[in-house]
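**Q** Please see the structure below; I have some questions.
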Amino acid sequence: MKLFSSRLLLLVLWAACIVNAFFFLPNSWKALVAFRAVKGLSNPQRRFLQKGDWYRVILSLENQVPQNAAIRLVSPAPPWYLAYYLYPRLLMKGSEVLSDESVVRKLYPGDWVLVYSETPPQIKILPPLTPGHS
C-alpha cells in the first residue's frame, strides 16, 4: 500500500473513532450509573424496575395458574414475554381479537384463557370451564 493511502485510511479511522466517541461516551456513562444502581438487587427486583407493574401482574398470574396448565392466548400482541414468564405452562394461540374471549373459552373448555392487550393495557385470566382440568 502506498504511504499516502495508508495515511488517508488512518485519518478516516481516527475520524470515525472521534465521531463514535460523541455517542459512546455519554451512553456508556448512563450504563455505568444504571449498573451501579441495580448491582445488589435480585433478578425479580431488576425485572420489576424494567417492567414496572406489568411484571407484578405476570407474577400474580404465575401464582394463579398451575404449572402444568394449558393457556389459550387471546391477544393481538406478540406473546414473547408471556411465554417466557409463564413457562413451563403451555401457551397456545386462541385468537388475535380481544372480543373473542368467550368464543375461545367455549372452543377450549379445558384450557385457561388469557386475555392480554398492550394498548390499552389489559390482562385477564379465566379458569377452565370444565372442572378437573388445570
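**Q** Would you check if there is a residue in segment 114-129 being among the aromatic types (F, W, Y), over 22 Å from the mean Cα position of the chain (by Cα) and either in the same structural domain as P76 (by TED's automatic domain parsing) or assigned to a strand (DSSP E or B) (or both)?
**A** No, because not a single residue in segment 114-129 is among the aromatic types (F, W, Y), over 22 Å from the mean Cα position of the chain (by Cα) and either in the same structural domain as P76 (by TED's automatic domain parsing) or assigned to a strand (DSSP E or B) (or both).
**Q** Sticking with this one: Here are V65, V74: which of them is within 19 Å of V115 (Cβ to Cβ), in contact with a helix residue (DSSP H, G or I) (Cβ under 6 Å, 6 or more places away or on another chain) and in the same structural domain as E101 (by TED's automatic domain parsing)?
**A** V74
**Q** Test of understanding: among L32, L59, which residue is touching a residue at least 12 places away in the same chain (Cβ under 8 Å) and part of a helix (DSSP H, G or I)?
**A** L59
**Q** On the basis of being within 30 Å of T130 (Cα to Cα) and in contact with a helix residue (DSSP H, G or I) (Cβ under 8 Å, 6 or more places away or on another chain), does L90 make the cut?
**A** no
**Q** Name the single residue that is farthest from L129 (Cα to Cα) among those in segment 62-87 being of a type in the set (A, V, I, L, M) and either out of contact with any strand residue (DSSP E or B) (no Cβ under 9 Å at 6 or more places or on another chain) or not in a helix (DSSP H, G or I) (or both).
**A** So the first thing to find is which residues in segment 62-87 are of a type in the set (A, V, I, L, M), and the list is 65, 69-71, 73-74, 77, 82-83, 86.
Narrowing the set further to residues that are either out of contact with any strand residue (DSSP E or B) (no Cβ under 9 Å at 6 or more places or on another chain) or not in a helix (DSSP H, G or I) (or both) leaves 65, 69-71, 73-74, 77.
Working: V65: 14, A69: 13, A70: 13, I71: 13, L73: 15, V74: 16, A77: 25 Å.
Restricting to residues being of a type in the set (A, V, I, L, M) and either out of contact with any strand residue (DSSP E or B) (no Cβ under 9 Å at 6 or more places or on another chain) or not in a helix (DSSP H, G or I) (or both), the top hit is A77.
The values are calculated or read from the model by the stated rules, or taken from the named source; none is laboratory data. Here the structure is a predicted model, which is why all the values come from computation and not from measurement. Don't worry about glycine lacking a Cβ; one is built from the backbone with ideal geometry, like all the others, and counts go over all protein chains shown.
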